[in-house]
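Values quoted throughout were computed directly from the atomic coordinates according to the rules given, and no laboratory measurement underlies them. Note that the structure is predicted; figures quoted are calculated from it, not measured. We place every Cβ from the backbone using ideal geometry, glycine too, and count neighbours over all the protein chains shown.
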There are 2 protein chains.
Amino acid sequence: MDVAQHLKLFFDPGSLAFIGASRKTAKDDGDTNPVETMLADGYKGKVYPVNPNASEIMGLKSYRSILDVPGGIDMAVISLPRERLCQAVTECIQKRVKAIIIYSMGLDDGDDAEGKHIQAEAIRLAREGGARVVGPNTFGVINAFNGLNTYWAPMYTEKKIPMGAVCQSGIFSYRSWPDPPRGWGRMVGKVLDLGNLGDIDYADALEYYETDPDTKLIFLHMERVRNGRRFFEVARRVARKKPILVLKVGRSEEAARVVASHTGALGGKDEVYDGAFRQCGIIRVRDVDELADLTRAFLFLPPLKGNGVGIIGHVGGIRGMGTDAFKAAGLNIAPLSRDTLERMGKLFPSWIRPFNPLDTWPAGIIHGYQQSTEQLVDLMLADPTVSGLLFVVWTVPPDEFKAWDATDIARRAAARFPDKPICTWGYGPDSAGWQAILEKTPGLLWFPTPERVARALAALHQRWRFLQETDE
Amino acid sequence: MDVAQHLKLFFDPGSLAFIGASRKTAKDDGDTNPVETMLADGYKGKVYPVNPNASEIMGLKSYRSILDVPGGIDMAVISLPRERLCQAVTECIQKRVKAIIIYSMGLDDGDDAEGKHIQAEAIRLAREGGARVVGPNTFGVINAFNGLNTYWAPMYTEKKIPMGAVCQSGIFSYRSWPDPPRGWGRMVGKVLDLGNLGDIDYADALEYYETDPDTKLIFLHMERVRNGRRFFEVARRVARKKPILVLKVGRSEEAARVVASHTGALGGKDEVYDGAFRQCGIIRVRDVDELADLTRAFLFLPPLKGNGVGIIGHVGGIRGMGTDAFKAAGLNIAPLSRDTLERMGKLFPSWIRPFNPLDTWPAGIIHGYQQSTEQLVDLMLADPTVSGLLFVVWTVPPDEFKAWDATDIARRAAARFPDKPICTWGYGPDSAGWQAILEKTPGLLWFPTPERVARALAALHQRWRFLQETDE
């Protein structure tokens with residue numbers, strides 16, 4: 001049984017035992033109860049609470065020991081103080097359990113030698129018995145596609161997303177963006193919390209997501225990696241199939257020390273990670289804002305095939321701001337062909353020569369804003385030097401200002417040029433209203449700043465280049 | 001009459017003439033009409049449309065020439081093609097107008113010599129006649145406090161904010177943040193669009209805001225500055241009285257070239273600006289997200305008096321992420337005193353030694369999450385090495401999860417330590433719900449990422465240091 005098969009058990013066990021299940025519920029205690037969570041999220045497999053001091057937990061029969069449970073058990077979750085961990089693992093092995101999640105803390109993550117010893121022993125017992133371990137110091141697994149959730153609270157999910165996450169913290173348990181696009185609601189895909197990396201590591205998780213049909217995009221929250229060589233080999237292969245984003249913690253030396261104390265081992269030089277990520281096509285995000293932006297970009301936009309972008313809007317101020325943003329992200333302001341510039345010039349007054357970034361205002365004065373902007377957006381997207389577009393709109397409240405309709409322009413552009421990513425940003429009093437309208441259109445995304453547009457497009461281009469360069 | 005007196009006229013004229021007023025309204029045309037805007041926003045002064053082809057505009061009597069208007073006129077707005085600009089300025093001077101806003105484009109911002117010549121001549125005529133000019137290539141002035149709005153659309157404002165903005169683009173006309181804190185609605189304070197900087201410059205605007213009682217915070221969107229020496233002298237003086245934020249465009253050389261074509265002159269080396277801003281206490285923002293964050297921080301948080309911060313939450317993952325964020329922003333993770341660490345230690349299991357950043361989880365298991373987190377937040381804020389706090393919460397939907405109440409902890413902390421800025425960030429499914437609840441508390445702000453918390457606190461500290469170092 002290889003590790004990918006073990007991971008299929010972790011994400012979709014037919015039966016699971018919860019060793020150390022609590023009798024308290026989230027309603028009557030400051031604590032939470034994962035058995036309650038599992039039932040609330042509608043998981044259809046069999047759930048067996050194990051607690052020698054209870055006969056019933058959350059309406060389910062409770063057992064003294066996992067050995068008393070009738071029939072086989074695919075997965076066990078151990079939530080016990082560290083002193084009782086090894087005994088519980090031994091019983092899991094006797095029961096032929098192949099997938100073990102260890103919640104217990106105070107092991108490699110603690111400050112004494114005893115904890116490190118217990119962790120090593122528990123892992124040894126499990127591996128020798130044919131089982132694999134997620135954790136310790138983890139909350140385990142979430143799978144929104146079958147309702148499995150070993151975390152300490154419900155998913156509260158309203159929509160499934162095709163994202164497979166691997167993390168070392170509960171921060172990334174539920175969803176991955178701070179502000180979901182309005183109307184998207186709460187979303188979860190699959191999550192695997194590796195905790196102390198006692199056994200199963202990032203490379204294993206990548207191999208599971210590599211062939212998982214529910215996963216189109218992979219996100220790694222990483223404090224450290226154990227077997228770097230294997231990880232980067234696997235990552236390079238998987239990255240050719242699915243985009244991989246990473247939030248690698250420990251950029252500062254101080255953070256690297258802190259991380260060591262959180263999950264138990266030193267991380268390694270940050271610059272080494274940086275270069276290695278890039279070489280194997282992993283895209284590094286700087287914070288959770290960028291994680292949200294890039295997730296949306298990879299799920300909803302086509303690739304940026306060249307490094308030249310167009311910027312258009314009816315405001316001169318976007319020229320400097322937009323140029324700063326795209327240059328900082330490593331993209332170029334597309335020069336536009338002579339032919340395009342000549343055609344554009346016919347729409348402008350004689351005293352101005354249009355160029356990219358393009359302020360459409362002077363053309364609007366002559367030809368009307370709706371018509372001239374539509375023509376200029378079209379000319380820009382048709383230009384061979386332009387691989388993607390930032391379209392800037394003035395966000396007057398859509399229901400209060402009907403004079404012209406930038407949404408219509410954006411929608412038509414997205415329909416005419418489905419192979420070029422089009423991003424929108426707007427200034428004005430009602431960005432929320434416009435975001436909601438614009439994001440209903442396939443191929444269009446809204447971002448809160450021009451800088452975030454630029455970084456999202458740069459990530460699309462980074463992946464595109466990786467795929468070209470590694471194409472055999 | 002000094003320039004500050006002129007600017008008082010610009011922001012609060014008793015009467016104004018609109019030369020080149022259009023008969024079209026925003027409702028029947030792709031264009032907008034500033035006369036309509038002024039009336040819609042409830043400006044109480046006298047408004048005189050000037051258009052030789054109309055007898056009435058928006059229900060107001062229209063005049064053939066400004067010279068036909070009865071009585072005096074404080075301010076004129078000129079919206080005419082450049083060929084007719086100088087004649088209009090001459091008539092304004094004959095009418096003894098002291099404040100002139102020039103909308104006209106194709107001057108220093110155009111590509112021919114003729115435009116530059118016309119601009120120079122118009123400014124000369126105005127100055128010799130005792131008037132001062134805002135623009136050309138501007139939309140002029142917004143003053144939410146008296147309803148004055150010479151822009152091309154209504155303010156749509158719901159609330160006034162004590163922010164004085166100076167800009168060179170309509171992007172910053174209406175409000176300064178992409179996503180206002182929920183419940184704040186649409187906000188405007190005062191805005192002065194300097195356009196081509198033909199006459200009135202940033203230093204003049206700063207001197208106006210320096211003594212303006214409506215203004216507590218100043219924001220500059222700057223593509224270039226004309227008289228650098230005077231600007232930085234004035235800025236250093238004004239920055240001691242009110243925080244000044246700047247979004248300086250032209251970081252990349254390419255953007256600097258682009259900016260030159262937008263408003264007519266070269267900008268200068270970016271690093272020179274960077275150092276000069278810092279020396280005179282101006283705080284530079286990187287994008288509109290940061291502008292929003294710092295605006296809120298300066299309006300609603302106390303100063304960060306030391307460079308040590310505390311980080312606390314019931315999740316280990318914040319340790320690495322938070323440390324990276326604060327180190328990148330130039331702040332330190334406060335070491336905590338021996339006494340504080342000893343008191344904290346009593347709440348933790350024996351296998352863990354607490355430190356900052358603090359994961360409260362192991363203490364919560366023993367003592368309950370509510371009580372232990374409250375005590376630990378209190379201990380941290382009381383520590384002399386901690387000048388501000390990042391409090392991390394898990395954003396379960398407030399109405400679905402009652403087990404423990406982080407809002408109560410945050411509120412009590414803000415009340416007990418009003419001199420230390422407390423910022424919150426949360427991970428989980430309902431950040432919006434928590435932001436709305438937490439931001440009702442004075443002294444507390446919510447941010448979308450730990451990195452944005454760190455940069456906001458770093459800006460507070462930068463200003464605090466500037467005030468200390470320049471204190472005479």
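Points worth noting:
- Charge dipole of chain A (Cα centre as origin; +1 on each Lys and Arg Cβ, -1 on each Asp and Glu Cβ, all else neutral): 900 debye, rounded to the nearest 20.
- For the stretch A:208-236, backbone nitrogen atoms closer than 18 Å to the point 7 Å from A:GLU469 Cα along Cα-to-C-beta are found at A:232-236.
- The alpha carbon centroids of the stretch B:436-454 and the stretch A:419-460 are separated by 25 Å.
- Taking the C-alpha atoms only, the angle from helix B:202-211 to the longest principal axis of chain B is near 70 degrees.
- Separation in nanometres of the label points that stand 7 Å from Cα toward Cβ, at A:ARG286 and B:SER337: 3.7 nm
- Candidates per trypsin sites (Lys or Arg not before Pro) in the stretch B:31-125, loop by DSSP, up to 14 other Cβ within 10 Å: B:LYS44, B:ARG64, B:ARG96
- Relative to the dominant Cα principal axis of chain B, helix B:450-469 is inclined by about 70°.
- Where N is the number of residues in the protein assembly as shown, Cα Rg divided by 2.2 N^0.38 Å: 1.03
- With the helix formula -39500 (n - 2.57) applied to DSSP H stretches of n ≥ 4, the protein assembly as shown reaches a computed 222 nm mean residue ellipticity of -11500 deg cm²/dmol.
- Relative to the other identical copies, A:ARG465 shows label-point distances of 3.4 nm, where the label point lies 7 Å from Cα along the Cβ direction and values run shortest first.
- Equivalent ellipsoid of chain A: semi-axes from √(5λ) of the C-alpha gyration tensor, largest first, are 51, 23, 17 Å.
- Trypsin sites (Lys or Arg not before Pro) within the stretch A:288-370: DSSP coil, no more than 14 neighbouring Cβ in 10 Å: A:LYS346
- For the pair the stretch B:10-89 / the stretch B:124-150, the C-alpha centres are spaced 13 Å from each other.
- Square roots of 5 times each gyration tensor eigenvalue, C-alpha, the stretch A:1-137, largest first, Å: 22, 19, 14
- Computed about the Cα centre, the dipole magnitude for the stretch B:1-137 is approximately 560 debye when only Lys and Arg (+1) and Asp and Glu (-1) carry charge, each at its Cβ.
- A straight Cα-to-Cα reach below 15 Å connects A:LYS159 with the aspartates and glutamates A:ASP41, A:ASP179, A:ASP214, B:ASP430, residues fewer than 8 places away in its own chain not being considered.
- Taking chain A and dividing mean pair separation by its residue count, relative contact order in percent (alpha carbons under 8 Å, at least six apart): 11 percent
- Distances between copies at B:THR90, taken between label points 7 Å from Cα along the C-beta direction, are 10.6 nm in increasing order.
- C-alpha long axis of helix A:288-300 to longest principal axis of chain A, angle in °: 70 degrees
- The stretch A:271-315 versus the stretch B:219-235: alpha-carbon centroid distance in Å: 35 Å
- Cα gyration tensor shape of the stretch B:346-449, rounded if a/c is under 1.5, else prolate or oblate by comparing a/b with b/c: oblate
- For the listed residue pairs A:LYS248/B:LYS420; A:LYS440/B:LYS24; B:LYS190/B:LYS241; B:LYS95/B:LYS248, the alpha carbons are over 26 angstrom apart in A:LYS248/B:LYS420; A:LYS440/B:LYS24; B:LYS95/B:LYS248.
- Efficiency of FRET from Cβ geometry, A:THR407 and B:ASN146, R₀ 22 Å, rounded to 0.05: 0.05
- Across the copies of the chain, B:ALA113 has label points (7 Å from Cα along Cα→Cβ) spaced 8.8 nm apart, shortest distance listed first.
- Using R0 = 60 Å, the C-beta based FRET efficiency linking A:LYS44 and A:ILE366 works out to 0.40.
- For the stretch A:302-469, the relative contact order comes to 30 percent (Cα pairs under 8 Å, sequence separation of at least 6).
- Value of Rg to Rh for the stretch A:263-391, rounded to two decimals, is 1.12; Kirkwood radius and Rg both from alpha-carbon coordinates.
- Taking the stretch A:267-347 and dividing mean pair separation by its residue count, relative contact order in percent (alpha carbons under 8 Å, at least six apart): 20 percent
- Sites A:SER350 and B:LEU299 - FRET efficiency at Förster radius 41 Å, r taken between beta-carbons, to 0.05: 0.35
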